[in-house]
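To start, the structure itself, in structure tokens.
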Amino acid sequence: MQISEIFYSIQGEGPNIGKPSIFLRLQGCHLRCVWCDSKFTWDFKSGKKMTTEEVIKELKKYPGKNLVITGGEPLIQQSALKELLEKIGKNYYVEMETSGSLKSTLDKYINQYNCSPKTGNSKNKKIHLEKFPAEKTIYKFIIDKKEDLEEIEELIKKYRLPKDKILLMPQGIKKSELQKKSKWLIEICKEKNYRFSPRLHINIYSNQRGK
Ligand code: SF4
């Protein structure tokens with residue numbers, strides 16, 4: 001498996017915000033979001049090659065049992081991940097952060113997909129959203145400008161995404177930027193009845209790697 005980094009922190013986004021979590025960040029992404037906060041993951045050949053046993057040994061160093069598999073786009077390496085997930089069994093609650101643009105064959109191992117569809121503000125070409133199991137998927141939309149909501153609401157309608165599984169999150173990798181956008185985004189969430197997700201790790205650690 002090509003690994004970017006493994007570190008222990010708190011989940012900074014989504015429904016499990018605040019949970020001590022082990023982050024398993026995989027190398028490689030097929031998208032090129034203009035505001036990507038982890039461009040160091042793009043090149044599949046960067047990072048470090050690790051065996052399943054080496055990864056498990058690293059995971060065992062930490063007391064947390066919430067495992068966040070992220071990237072890059074972790075589904076690029078899903079066959080290697082399958083071996084890992086089979087071996088760790090039910091020892092962890094497994095969250096997967098994904099763009100939702102690749103089909104997953106890992107449903108039985110994943111407790112929660114945090115699907116973050118990349119919309120127009122990412123400047124990727126129109127991306128097809130794959131189907132994920134409704135009972136274990138939440139959708140985290142990145143909002144850069146107030147006008148982004150129109151495209152997002154079209155997607156919600158097109159893919160019939162349940163409103164109670166939608167979170168709106170401000171785009172930004174600087175605390176000041178996030179604070180500014182959060183203020184108007186919270187007002188939108190109140191008005192339209194969407195759940196707001198902060199980016200807690202950025203508020204606390206800025207955009208430091210391994211935090
Ligand atoms: S999908 Fe994620 S890792 Fe890939 S470019 Fe977009 S933000 Fe970066």
Checklist outcome for this item: Among beta bridges assigned by DSSP with both residues in the chain, the antiparallel ones amount in percent, to the nearest 5, to 30
Checklist entry - What is the log10 of I(q)/I(0) for the chain, computed with the Debye formula using one identical point scatterer on each Cα and no solvent, at q = 0.12, 0.16 Å⁻¹? => result -0.60, -1.11
Next on the checklist: With +1 on the Cβ of every Lys and Arg and -1 on the Cβ of every Asp and Glu, and nothing else charged, how large is the dipole of segment 2-205 about its Cα centre, in debye rounded to the nearest 20?
Outcome noted: 100
Checklist outcome for this item: Simple SL model, points at 7 angstrom along Cα→Cβ for residue 183 and residue 127; separation in nm is 3.0
Next on the checklist: I need the helices of the chain that pass two filters: whole DSSP H segments spanning 20 Å or more by Cα along the axis, and mean Kyte-Doolittle score no lower than -0.5.
Outcome noted: none
Checklist outcome for this item: Filtered hits (lysines, Cα-Cα < 23 Å from residue 48, offset >= 8 within chain) -> 39, 57, 60, 61, 82, 87, 211
Checklist entry - When the Cα centres of segment 97-124 and segment 1-47 are compared, how far apart do they sit, in Å? => result 13
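We did not get these values from a lab; they are worked out from the coordinates using the rules stated. It should be emphasised that the depicted structure is a prediction, and the values quoted were computed from it without experimental measurement. Glycine gets a Cβ as well: all are built from the backbone with ideal geometry, and neighbour counts include every protein chain shown.
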